[in-house]
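Below is one structure, written out as structure tokens, with a few remarks after it.
The values are calculated or read from the model by the stated rules, or taken from the named source; none is laboratory data. Predicted model, so just to flag it, every value in this text is computed and none were measured. Positions of Cβ are generated from backbone atoms using ideal geometry, with glycine treated the same way; all protein chains shown enter the neighbour counts. Surface areas here come from the heavy atoms of the whole protein model, side chains and all, with no ligands, DNA or RNA. Shrake-Rupley method; radii C 1.70, N 1.55, O 1.52, S 1.80 Å.
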Amino acid sequence: MGKMRPQPIRRAFVCLPIVAILNFPIDARSEGHEPGPGVDAIRITNAPRLDGHLDDEAWRAASPATAFVQRDPDEGKPATQRTELRIVYDGSALYVGVRLFDTEPDKIVRRLDRRDAGDDADWFTLYLDPHHDHLTGAQFRINAAGTLHDSIIYNDTWTDESWDAVWDAAVSVDDEGWTAEMRIPFSQLRFPRGEHDAWGINAARFIRRRNETSFLQLVPKKENGLASRMTHLTGITGIDPPRNLEVLPYTVARAEFIEPSAAGNPFNDGSRMFGGVGLDLKYGLTSNFTLNAAINPDFGQVEVDPAVVNLTAFETFFQERRPFFIEGAQIFQNFGRGGSNSFWGFNNADPMIFYSRRVGRPPQGSASAPFVDRPPASTILGAVKLTGKSRKGWNIGLLDAVTSREHAQLSGVDRNRAEVEPLTNYFVGRLQREFPRGGAGILSTLVDRDLSERSLADVLLRRAQVLGTDGYIYLDRKKDWVVTGMVAGSRVSGTPAAVTRVQRASQRYFQRPDAFRLDPEATSMSGWAHRINLNRNSGVWQVNAALWGVSPGFESGDAGFTFRAGVGGAHTVVLWRKPEPDRLTRSRMVFAAKFWTWDANRIRQADGWFFASNATFLNYWGAGAHAGVFRRASDSWLTRGGPVTTEPAGGFLATFLESDSRKRISFGVGPSYSWNEFGGWSLNTSANITIKPSSSVNVSFGPSINRSRSLAQYVTAVPDAEATETFGTRYVFSDLDQTQVSMTARASWSMTPRMSVQVYTQPLLAAGDYWGFKELARPGTFDFLRYGLDIGRLAYDPDARRYSIDPDRSGRASFPVDDPDFNFKSLRVNAVFRWEWRLGSTLYIVWTEERQDFANPGKFVFGRDARALFSAPPDDVFLVKFAYWFSR
């Protein structure tokens, strides 16, 4: 980013925590919001039987809450069907009884689905804010078929569905509608010890056939809030939150049937068997703090990552899927994002301070031998996590994990193993507090490695630290306008070779000849990152703006994820929305955005406009269009460590159409086209089709076809003292014609609310044809010299699949280039059987298959490539995991 001059931003940011701390009473409710009629909870001595029938004596003692109001489709009108909510409790749990009347009970949608996926049905949701801080809480949902769904509420309006509480519910349907009963143990909720005046509560009902959502406490669509807009739950007294202990021991058996990579491989005869035991522990240290620990944990993923074709120099980002890390992760993920309900990104390189997939990552060291058996991931010896909220409003999160020293087994060389990953400790700490007009916090990560192996010491950093502070402040009493931001600093250290490797990484390219920063003697590197946002959280007209920057030396990649360094930018978005129906639509939205990006040398990297609009029609179909235009700019990354080039001007256009998702068959389709001024283009068409053949089966599949032509695909860089125009190196590129066809398909069958099977498949066919080899003519341009036409000679050896390039026809500077054409074919299948055979106890049976083929590089022929894919040798993995939960 061209000298972003961060000092003024820092001064503005540092004021945020100071202003917030002056307002020490904790009440995040928006001023001007008056809660509606509350709900009274009644203490009982005999708990109701959980069978879905409200015929127990306990329910007759409670007065029902009935004042439900529509949010959709007719905001503000009374709900079309009556709902009665009753709440009682005893010393161990909260009980919820709901009678959902329906004048057409035969039209109640009872779609059975796996846990946390039962939204396509009639449902009822209970929202609770036990802390009554108007910022956090939990929601519990049950649909008319008995499927459970729960999530954590944080930052007022955001939810984290990775949380799976241990609670129970039952439903029944009769000629008056349907009823639901819930039992929510107090051990699953966090609330302060002592007497409580009130909790926050809200409730919602959804009638699928009408797309009608009604709330006990209505939040209009033009306004904002969830935890902050609840009414009061009163009457809960004399509850001493238990110091609950939950233990989840499990055993895992795993079988792999993998095609040997070569004859005589001593590490793979076609099958391998593994087994193990482990223990997850959750203990309530106090009423507000929970300790999670894992001993010899099984951190394997139940769902596989999608296959991708990455032709860039940057690492592919994958979502975290491991339960230990995703549950409660919001305390670490909301760094720099408090107070605001909307964050936009346009070429935004905002780094992640903590990216949990670094823990247990694949070993990073190398090993060379005729046969090598590398561990697929680093073994996590143990992990512990402490999360909670103090009585004074401090949110605290601590995580520490240790991964073992890993070795690759070798055959055919003098030694029989090589260290490929050192013993490593990962630590993350988070402290945050909310105040009436804002909030503030800090986040710190630390990675320490025991680098006794010299070869690893020259590859990996010995220590990596990041420390950041964040905060937000509301600018008005309604908490409509908010400024939020963060500042973070990093420092990494290691041997000169390890630090040089980080300096030369694709995130920063310190070796660029036109912006040289490389220090080969350095044993440490430091940097900073910042971002400040302005957002309007509600209203017909909304605004979002941001100014951000990442210095060249910032590095969070050991515990986090650094997308790019030495870059900064800004954007402004103006959005208009109208959520009320008119003659044609139920809702509509239009926005326009302007954005800029610069690098650290003040060279503009992006300058564009973005426009979008969409609408939902009266028949619940939807449509929209997006468009963008980009001015000519510069590209500091195209040459991968070489001089800056030109980024061509261009644009894109995309549209989409989607049908009513309530129907048995629904679909969506979205074509898009992009182009640049020099003739590069990309055409993509994708679709998604959902079929619901029965109330317990759901099938969806989404084909996607992409054709593109790139005019400057990087191939290699060759040192040549004669290439004086480009600093003594020839930067070789080519045109690239690429075709990619893929389809993601999912099928799920739920036998009961606690037993389900889900199958995921992703076939992918991708071929790339490199042609027109050339070299960059001059820095700062998009001019190229084609070999064999503009300069030199180009020859191809089809047997060796290798090009020979002689750039000056003298033979002295000739160099070979392996043919980079590719034809990648991949099939990934993942089938999961899940059975919660006892409350909190589960049995998983998982089958994963992967097939790959690389034949016929460069040429895409759909029928031939599809046949080759499905006839490719499979690699199969079978896994059985048995877990038993008990609580004290």
Problem - Number of the exception - F299 against (1) open to solvent by 20 Å² or more (accessible area, probe 1.4 Å); (2) at pLDDT 70 or above; (3) farther than 27 Å from T597 by Cβ; (4) not in a strand (DSSP E or B) - result: (2)
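Can you tell me which residue among V109, V88 is touching a helix residue (DSSP H, G or I) at 6+ places or on another chain (Cβ under 9 Å), β-branched (V, I, T) and not in a loop (DSSP other than H, G, I, E, B)? Reasoning before the result, please.
On the way: V109 fails: not in a loop (DSSP other than H, G, I, E, B).
Of the residues listed, the single one that is touching a helix residue (DSSP H, G or I) at 6+ places or on another chain (Cβ under 9 Å), β-branched (V, I, T) and not in a loop (DSSP other than H, G, I, E, B) is V88.
Specify the residue that is most open to solvent (accessible area, probe 1.4 Å); the eligible residues are those in the range 535-547 that are under 19 Å from G225 (Cβ atoms) and touching a residue at least 40 places away in the same chain (Cβ under 8 Å). Walk me through how you get there before you give the answer.
Filtering the range 535-547 for residues under 19 Å from G225 (Cβ atoms) gives 535-544.
From what's left, touching a residue at least 40 places away in the same chain (Cβ under 8 Å): 535-540, 542, 544.
On the way: N535: 4, R536: 61, N537: 7, S538: 17, G539: 11, V540: 43, Q542: 37, N544: 4 Å².
So the residue we want is R536.
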Practice task
Could you run through the range 71-104 and say how many residues are open to solvent by 50 Å² or more (accessible area, probe 1.4 Å) and basic (K, R)?
Solution key: 3
Handout entry: Which numbered condition Q511 misses (of (1) open to solvent by less than 20 Å² (accessible area, probe 1.4 Å); (2) assigned to a loop (DSSP other than H, G, I, E, B))
Key = (1)
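Can you tell me how many residues in the range 179-199 are hydrophobic (A, V, I, L, M, F, W, C) and outside any loop (DSSP other than H, G, I, E, B)? Spell out how you get there, then give the answer.
Step one: of the range 179-199, the residues hydrophobic (A, V, I, L, M, F, W, C) are 180, 182, 184, 186, 189, 191, 198-199.
Now narrow it down to the ones that are outside any loop (DSSP other than H, G, I, E, B): 180, 182, 184, 186, 199.
Counting residues in the range 179-199 that are hydrophobic (A, V, I, L, M, F, W, C) and outside any loop (DSSP other than H, G, I, E, B) gives 5.
Can we say F346 is over 30 Å from K825 (Cβ atoms), at pLDDT below 85 and within 21 Å of the chain's Cα centre (by Cα)? Let's see the steps before the verdict.
Values: over 30 Å from K825 (Cβ atoms): yes; at pLDDT below 85: yes; within 21 Å of the chain's Cα centre (by Cα): yes.
Yes; evaluated as a whole, the condition is true for this residue.
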Handout entry: Filtered residues of the range 149-178 (kept if in a strand (DSSP E or B), more than 21 Å from the chain's Cα centre (by Cα) and over 20 Å from V88 (Cβ atoms))
Key = V173, D174, G177
Handout entry: Residue, least open to solvent (accessible area, probe 1.4 Å), within the range 609-635, restricted to residues that are touching a Pro at 6+ places or on another chain (Cβ under 9 Å) and assigned to a loop (DSSP other than H, G, I, E, B)
Key = L618
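For the range 202-284, which strands (runs of 3 or more DSSP E) that fit wholly inside it have 2 or more residues that are of a type in the set (A, V, I, L, M, F, W, C) and either modelled with pLDDT of 85 or more or touching a Gly at 6+ places or on another chain (Cβ under 7 Å) (or both)?
Working: elements: 212-215, 231-234, 245-257, 272-284.
Output list reads 245-257.
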Problem - Residue count, the range 147-175 (criterion: of a type in the set (G, A, S) and over 26 Å from V247 (Cα atoms)) - result: 1
Handout entry: the range 826-858, subset of a type in the set (K, R) and buried (at least 18 other Cβ atoms within 10 Å of the Cβ), residue farthest from D113 (Cα to Cα)
Key = R851
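Residue-by-condition table, conditions (1) under 30 Å from R632 (Cα atoms); (2) surrounded by 18 or more Cβ atoms within 10 Å (Cβ to Cβ); (3) among the aromatic types (F, W, Y); (4) in contact (Cβ under 8 Å) with a residue 60 or more places away in the chain:
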| site | (1), (2), (3), (4) |
| --- | --- |
| S734 | yes, yes, no, yes |
| Q762 | no, yes, no, yes |
| L765 | no, yes, no, yes |
| F782 | yes, yes, yes, yes |
| P798 | no, no, no, no |
Problem - Output for the range 119-139, where each listed residue is of a type outside the set (A, V, I, L, M), assigned to a loop (DSSP other than H, G, I, E, B) and out of contact with any Pro (no Cβ under 8 Å at 6 or more places or on another chain) - result: D119, D120, D122, P130, H132, D133, H134, T136
Handout entry: Residue selected from the range 762-812 under the condition in a loop (DSSP other than H, G, I, E, B) and small (G, A, S), by the criterion nearest to the chain's Cα centre (by Cα)
Key = G780
Handout entry: Yes/no for T45 being at pLDDT below 95, open to solvent by less than 40 Å² (accessible area, probe 1.4 Å) and farther than 30 Å from S666 by Cβ
Key = no
Problem - Options V832, V817: the member that is part of a strand (DSSP E or B) and within 30 Å of E677 (Cβ to Cβ) - result: V817
